[in-house]
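Heads up, the thing below is written out as structure tokens.
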Amino acid sequence: MSKYPHLLEPLDLGFTTLKNRVLMGSMHTGLEEAKGGFEKMAAYFGERARGECGLMVTGGISPNRQGWTKPFAAKLSTKGEAAQHKIITKRVHEEGGKICMQILHTGRYGYHPFLVSPSKIKSPITPFKPWKLSNRAIKGTIDDYADCAALAQEAGYDGIEIMGSEGYLINQFIAERTNDRKDEWGGSYDNRIQLPLQILLKTREKVGKNFIIIYRLSMLDLVEGGSSWEEVVKLAKLVERAGATIINTGIGWHEARVPTIATMVPRAAFTWVTHRLKGEVKIPLITSNRINMPNVAEQVLADGHADMISMARPFLADSDWVKKAMEGREDEINTCIGCNQACLDHVFKNQRASCLVNPRACYETELNYEPAVTIKRVAVVGAGPAGLASATIAAQRGHEVTLFEASGEIGGQFNMAKTIPGKEEFYETIRYFNKQIELTGVKLHLNTPVSAEDLIKGNFDEVILCTGVTPRVIKLEGEDHEKTLTYVEVLAQKKPVGKKVAIIGAGGIGFDMAEYLSHEGEPSSLNIDKYMDEWGIDKNYNRPGGLKDGDLEQHSAREIYLLQRSEGKLGAKLGKTTGWIHRSSLKHKGIKMISSVRYQKIDDQGLHITINEEPQVLEVDNVVICAGQISHKTLFDPLTEAGISVHLVGGAKKAGELDAKRAIDEGSRLAATL
């Protein structure tokens, strides 16, 4: 019997049956607008259909130009455009899968000057003020949705998803926050929900009854002026009556100042919202957000919180997620760590999405690990992210790989990252690579520092140096004082830290250090109720939008100063979609973040600094240095001089910030070419 009976149970929709309860949720990847993008999407979705996903949803496709995410973004409003999609649906169906196309009108969230909305209220996250839709234009937009759905049907899709959440156009009509109209499309709640209901009615009329219509309902807006719970329930019932096949859960607007999918969000943190709606409607409900492993998904379904599970990023990390769960190989799943670094951060910078732990994601036609033509003896030095990717992929291709690691465990910098509250998912990546070492036959030697001489004597055909980085030494009087610690001494060596701390360096490591030192007890990333309290989310839903009243005040275990030498906002180079979360978290805990600092010395008194020409002394117990790293590549020159084919990957090649995304990508691509 399967370990996951609820997850793998078919779902009968009446006119069609889904093979299991897993939905690959919609996510824009940038392939939609890329050169040759339809061929690339066919490979991308086809691979996930082959991996036994029950139903997939594409990234958002606009029903008209006004709904574009940006100029010349993906749109479906002509038969010619529909014809291009047929390569995707054909490939998915050949692999035994089903796929829906998401219809997404961005409204005031568009990045172009022609964006429209119910009212002329500018979004806080986009540069242009929207044009107010006229009554005639609203009716035209409803027609555009229905026509888009019919074209999707013509293109071979099994259904569509109507995006009614996350603060996009439909959501903008529903919420008082963005709709101050006085006509039949505004004012009362009954008026404000006419747009989604009219879209659903007209769409169902166009496509007939044997076509999946998923409606993505914003069940928890997390913004002031959002919907009340009573309004959510009312809309859900009317959505069912208007012809939806399934209701999907939307959580939070993009402008909400509450993290909903980042790695510090507990797993399955929002399934309680979907659970509240169970019993109010008869059609299946899909729940979502931070569900990334089969045991979590199974428990959600077993507890009756939903009828299906939606996951998007986990299918970037592993296209065979469902297949591995079916076969009892969950320890082989390459788990999504919720970092956003290669997926959402890329998309919001107009780059193609991929995945930190799986660089093949969205590059299925370009990056493949084919069997090696000539088997080589390969030495990989360093079992951090770069070394693990290099070694396991080279071995997967058939090479004889020996992996040397000076410490007693694999993981490198991940072993420090996993100790940061909110980054516990790194344990999963280390588990995955341990299993890959076993499966691919990599010869792992722990507690084994190697010299150039050892490698030369080893008679290897290729040597890959993934020796990482060492903390940068700063030239500061008192740097050897007993108060002074490096980030490695704190995170890896667990040296004690006092109650008052100054952190020098406000890059990613500095922010992680502040998060680490400010916590005590179980982190909120592992406790849903604690997380809800920290971010002001009201599970009782007493106010519209689901937010608690009042400021977010949290307790820090220490008095902390986070300092940077340069001017401007601290953490400016953090991830585009997660930097604000890190800054907000520290601000809520009362961490003092100071820029334009000149460091003078460290002594018994503390850290002497100058700010705006004013000398100050921070009377701290410890000063933690997080001032960057330098590459550790002492083996490179002697090996090169000996005529060995040697490669630098990851931190050994370029220090910078600790960049696991680049390390795994470089290691994977090198291993694919050996």
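Each value in this text was obtained by applying a stated rule to the coordinates, not by laboratory testing. What you are looking at is a predicted structure, and each value in this text was computed from that prediction instead of being measured. Cβ coordinates were reconstructed from backbone atoms using ideal geometry, including for glycine residues, and neighbour counts include every protein chain displayed.
Taking 27 Å as the limit for the C-alpha separation, the pairs LYS435/LYS539; LYS349/LYS661; LYS75/LYS576; LYS70/LYS132; LYS79/LYS206 exceed it in the case of LYS435/LYS539. About the centre of its Cα atoms, the stretch 150-304 shows a dipole size close to 220 debye [charges on the beta carbon of Lys, Arg (+1) and Asp, Glu (-1) only; nearest 20 debye]. Place +1 on the Cβ of every Lys and Arg and -1 on the Cβ of every Asp and Glu in the chain, take the dipole about the Cα centre, and give the residue among GLY441, PRO421, GLY507 whose Cα lies farthest towards its positive end. Projecting each Cα onto the dipole axis, the largest value belongs to GLY507. Checking every one of the GluC sites (Glu not before Pro) in the stretch 196-258 against DSSP loop status and a limit of 14 other Cβ atoms within 10 Å picks out GLU224. Enter the angle in degrees (range 0 to 90, nearest 10) between the Cα long axis of helix 426-440 and the first principal axis of the Cα atoms of the chain, meaning the one along which they spread out most. Once rounded, the angle reads 80 degrees. Between the helical axis of 579-588 and the longest alpha-carbon principal axis of the chain there is an angle of about 80 degrees. Among the chymotrypsin sites (Phe, Trp or Tyr not before Pro) within the stretch 15-105, those in coil by DSSP and having at most 11 neighbouring Cβ atoms inside 10 Å are PHE15, PHE72.
The ranking of THR17, THR429, THR335, THR365 by Cβ neighbour count inside 10 Å, starting from the fewest, reads THR17, THR365, THR335, THR429. Report summary: the helix-based calculation at 222 nm, which adds -39500 (n - 2.57) for every DSSP H run with n ≥ 4 and divides by the residues of the chain, gives -9000 deg cm²/dmol. Students often get this wrong, so try it: which of [x] 1.01; [y] 1.22; [z] 1.07 is Cα Rg over 2.2 N^0.38 Å as calculated from the structure shown? Here Cα Rg over 2.2 N^0.38 Å agrees with entry [x].
Cβ-to-Cβ counts within 10 Å put THR440, THR287, THR78, THR245 in ascending order as THR78, THR440, THR245, THR287, the fewest first.
Say a paramagnetic label sat at a point 7 Å from the Cα of ARG136, along Cα to Cβ; which residues of the stretch 180-194 have their backbone N under 20 Å from it? It comes to 182-186, nothing else.
Mind checking which aspartates and glutamates have their C-alpha under 20 Å from LYS209, skipping anything on the same chain fewer than 8 residues away? Reachable aspartates and glutamates: ASP12, ASP143, ASP144, ASP147, GLU154, ASP158, GLU161, GLU240. Note on the chain: dipole from Cβ charges, positive end direction compared against HIS399, GLY107, ALA269; the farthest Cα belongs to GLY107. Of the cross-linked pairs LYS500/LYS548; LYS423/LYS569; LYS483/LYS653, those separated by over 26 Å at the C-alpha level are LYS500/LYS548; LYS483/LYS653. Of the beta bridges DSSP finds with both residues in the stretch 11-336, what % are antiparallel, to the nearest 5? If we restrict to bridges inside the stretch 11-336, about 5 percent are antiparallel. Using Cβ point charges alone (K and R +1, D and E -1), the dipole size of the stretch 24-173 about the Cα centre works out to roughly 700 debye. Remark: the stretch 592-674 carries a charge dipole of roughly 460 debye about the Cα centre, counting +1 on each Lys and Arg Cβ and -1 on each Asp and Glu Cβ. Among the GluC sites (Glu not before Pro) in the stretch 284-334, those placed in a DSSP loop whose Cβ has at most 15 other Cβ atoms within 10 Å are GLU327.
Each residue in PHE636, PHE315 was given a count of other beta-carbon atoms within 10 angstrom of its own, and listing them fewest first yields PHE636, PHE315. For the chain, the longest principal axis of the Cα atoms and the long axis of helix 229-241 meet at an angle of about 60 degrees. For the stretch 1-160, DSSP calls about 15 percent of its internal beta bridges antiparallel.
For the chain, the share of DSSP beta bridges that are antiparallel, to the nearest 5, is 20%.
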